[in-house]
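*Asks:* My questions will all concern the structure given below.
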Amino acid sequence: MFKKIMIANRGEIALRVICACKELGVKTVAVYSEADRNSLHVRFADEAICIGPPRSAESYLNIPAVISAAEITNVEAIHPGYGLLSENANFAEVCETSGLKFIGPPPHVTRLMGEKEKARMAMKKAGVPILPGSEGVIQTEEEGLEWAEQVGYPVILKASAGGGGRGMRVIRSAEDLPNLFQAAHSEAAAAFGNGDLYMEKFIECPRHIEFQVLGDGYGKVVSIGERECSIQRRHQKLIEEAPSTKIDEKLRKQIGAKLESCLSEIGYVNAGTIEFLMDEEGKLHFIEMNTRIQVEHPVTEMVTGLDLVKSQILIAAGASLGEVIDRKIEISGHSIECRINAEHPEKFTPSAGRITTFHTPGGTGVRVDTAAYAEGVIPPYYDSLIAKLITHGKDRQEAVSRMSRALEMFIVEGIHTTIPLHRRIMQNEDFREAKFDTKFMERFLQQNKNH
Ligand code: MV4
């Protein structure tokens, strides 16, 4: 096992990694920007190093500064958390060439999954279901028209270097294709430095369901169930849960087995998430893979009893899956996570500043992952997530009623948060009946305009 690792991240996920390290007896080094001097990740780490000014580009994303801090403090490995450098294959490569273990997959796997159209073809080859669409990159408008004709409208153009919803265009008829093709191409080229596009059949009202996997370095990959992530706004998830009410044991096993063989073939190592769209008939279709620990990993932890972050560190240190998971994985009960953001709950505009009161709920089946505290300051430079409220119950209904009462008992004053929004969603009839898709929030906000 490592003696000391660095956490190249901030906020709640930096604390989450510190928790895992403390339990494993691993010493920790925090890095922080000038805006995060008084952050809890700095306080709870064994050592801390300032790596630059507030803006992420000059601190948390500054690879030379992060690597220098790792060398000065003699750490053996770096945990990247989520966001920031977590899916940067070049960073993973620099780590390895500097003799530092990157806690995540090898660079070539991160690179493959970062090219969405290549990832799609790799999954197809291994028998994981994908949507009808182009094979590889579409070079010209004419080629786009041919594929669209074959697939049938509506279709969606996506940026191969994109992901997470950026640079997409829905095309409903042939006459719209030329303009939208050029627009998507220019947008992708400007945003990602790569204008490559691919095409898929467009699903109007999909559910977003993702599978968690863990791979060791010895060719073994296990699927550890799914998460339902359809409650989102502008591609930002708001509520996640596990398991999905739309997945039965047969489908879970079938998709899980396909993913295990496919990712074992690819040489997948460490934690990963495979995103699917579920169509109106309940069929799953692969869309993309995330090669990091996800924000919503706690709901999987709550229903399996696994510690995914400890697992990541053990795997990076050379443990086999047999050593990391020493029993059969079973899904027990139901778990829900509400993302508490420092935002105005109706306008969704960022709300930075000093927190004056901070009271977190507790009690049976309640977990709070946060780095916020009373009198602490939420800086304006970073992601607006300030806490994750997670509940577990024997079934979905119990998890929802726990969430409802926990939200009532969560007090944050001094800044605006999404807590009032979550309280209202918990009362929504469709939500309570698990009747939703990725358009849920649009409908919900429309209906609740006057509240
Ligand atoms: C789609 C789609 C419909 N059909 N692909 C958005 C995020 C990115 N990961 C994929 N996204 C979508 N891809 C096809 N073929 C609809 C979306 C989509 C979406 C997906 C998941 C969660 C929320 C979403 C909100 C709008 C659109």
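*Asks:* I need a count of the residues in the stretch 284-318 that are hydrophobic (A, V, I, L, M, F, W, C) and either within 15 Å of the ligand (Cβ to nearest atom) or at pLDDT below 95 (or both).
*Replies:* 5
*Asks:* Same structure, new question: Output yes when any residue across the stretch 221-233 is under 18 Å from Met278 (Cα atoms), in a loop (DSSP other than H, G, I, E, B) and within 16 Å of the ligand (Cβ to nearest atom), and no when none is.
*Replies:* The answer is no; no qualifying residue exists.
*Asks:* Ok, one more. So which helices (runs of 4 or more DSSP H) are wholly in the stretch 367-451 and hold at least 1 residues that are more than 21 Å from the chain's Cα centre (by Cα) and modelled with pLDDT under 95?
*Replies:* 440-447
*Asks:* In addition: Conditions: (1) at pLDDT 95 or above; (2) within 29 Å of Gln182 (Cα to Cα); (3) out of contact with any helix residue (DSSP H, G or I) (no Cβ under 8 Å at 6 or more places or on another chain). Asn62 meets all but one. Number of the miss?
*Replies:* Asn62 satisfies all of (1) at pLDDT 95 or above; (2) within 29 Å of Gln182 (Cα to Cα); (3) out of contact with any helix residue (DSSP H, G or I) (no Cβ under 8 Å at 6 or more places or on another chain) except (2).
*Asks:* Can I ask one more? Please find, among Ser335, Ser311, the residue that is surrounded by 20 or more Cβ atoms within 10 Å (Cβ to Cβ), part of a strand (DSSP E or B) and of a type in the set (Ser, Thr, Tyr).
*Replies:* Ser335
*Asks:* Could you list, in sequence order, the residues of the stretch 58-72 that are assigned to a helix (DSSP H, G or I) and more than 9 Å from Leu85 (Cβ to Cβ)?
*Replies:* Residues satisfying the conditions are Glu58, Pro64, Ala65, Ile67, Ser68, Ala69, Ala70, Glu71, Ile72.
*Asks:* From the list Glu281, Glu275, Glu330, pick out the single residue that is closer than 30 Å to Ile419 by Cβ, of a type in the set (D, E, K, R) and at pLDDT 95 or above.
*Replies:* Glu275
*Asks:* Moving on. Looking only at the stretch 180-213, how many residues end up being touching a Lys or Arg at 6+ places or on another chain (Cβ under 9 Å), under 30 Å from Val303 (Cα atoms) and away from the ligand (no atom under 16 Å from the Cβ)?
*Replies:* Selection size over the stretch 180-213: 1.
*Asks:* Just one of the numbered conditions (1) under 22 Å from Pro380 (Cα atoms); (2) crowded, with 19+ Cβ neighbours inside 10 Å is not true of Ala57; which one?
*Replies:* (2)
*Asks:* While we're on this one: Of the residues Val42, Val31, Val17, which is part of a helix (DSSP H, G or I), surrounded by 23 or more Cβ atoms within 10 Å (Cβ to Cβ) and in contact with a helix residue (DSSP H, G or I) (Cβ under 8 Å, 6 or more places away or on another chain)?
*Replies:* Val17
*Asks:* Name the residues in the stretch 260-294 that are touching a Lys or Arg at 6+ places or on another chain (Cβ under 7 Å) and either at positive phi or outside any strand (DSSP E or B) (or both), would you?
*Replies:* Ser264, Gly282 - these are the residues of the stretch 260-294 that are touching a Lys or Arg at 6+ places or on another chain (Cβ under 7 Å) and either at positive phi or outside any strand (DSSP E or B) (or both).
*Asks:* Another one. Only residues that are out of contact with any helix residue (DSSP H, G or I) (no Cβ under 6 Å at 6 or more places or on another chain) and either hydrophobic (A, V, I, L, M, F, W, C) or at pLDDT 95 or above (or both): list them for the stretch 153-173, please.
*Replies:* Selection gives Tyr153, Pro154, Ile156, Lys158, Met168, Val170, Arg172, Ser173.
*Asks:* If the Cβ limit is 6 Å and pairs must be 6+ apart or interchain, which residue in the stretch 139-161 that is within 11 Å of Tyr198 (Cβ to Cβ) pairs with which residue that is within 15 Å of the ligand (Cβ to nearest atom) and among the polar types (S, T, N, Q)?
*Replies:* Hits for this filter: Trp147/Ser134.
*Asks:* For the stretch 250-278, name all the residues that are more than 16 Å from the ligand (Cβ to nearest atom), under 21 Å from the mean Cα position of the chain (by Cα) and farther than 21 Å from Gly104 by Cα.
*Replies:* Arg252, Ile255
*Asks:* Among the residues of the stretch 136-152, which ones are surrounded by fewer than 22 Cβ atoms within 10 Å (Cβ to Cβ) and under 21 Å from Asp279 (Cα atoms)?
*Replies:* Matches in the stretch 136-152: Trp147, Glu149, Gln150, Val151, Gly152.
*Asks:* Report whether or not Leu177 is within 25 Å of Gly136 (Cα to Cα), away from the ligand (no atom under 14 Å from the Cβ), without any contact (Cβ under 8 Å) to a residue 40 or more places away in the chain and among the aliphatic types (A, V, I, L, M).
*Replies:* Against the criterion (within 25 Å of Gly136 (Cα to Cα), away from the ligand (no atom under 14 Å from the Cβ), without any contact (Cβ under 8 Å) to a residue 40 or more places away in the chain and among the aliphatic types (A, V, I, L, M)), Leu177 qualifies.
*Asks:* In the stretch 341-366, which residues are over 22 Å from the mean Cα position of the chain (by Cα), assigned to a strand (DSSP E or B) and under 20 Å from Arg16 (Cα atoms)?
*Replies:* Phe358, His359
*Asks:* May I pose another question? Residues in the stretch 84-105: is at least one of a type in the set (Ser, Thr, Tyr), more than 16 Å from the ligand (Cβ to nearest atom), modelled with pLDDT of 95 or more and not in a loop (DSSP other than H, G, I, E, B)?
*Replies:* Yes, that holds for at least one residue.
*Asks:* Just for the stretch 79-109: of the residues that are of a type in the set (Val, Ile, Thr) and within 17 Å of Asp216 (Cα to Cα), which one is surrounded by the fewest Cβ atoms within 10 Å (Cβ to Cβ)?
*Replies:* Result: Val109.
The values are calculated or read from the model by the stated rules, or taken from the named source; none is laboratory data. None of the values given here were measured: they were computed from a predicted structure. A quick note on method: Cβ atoms are made from the backbone with ideal geometry, for glycine too, and the neighbour counts reach across all protein chains shown.
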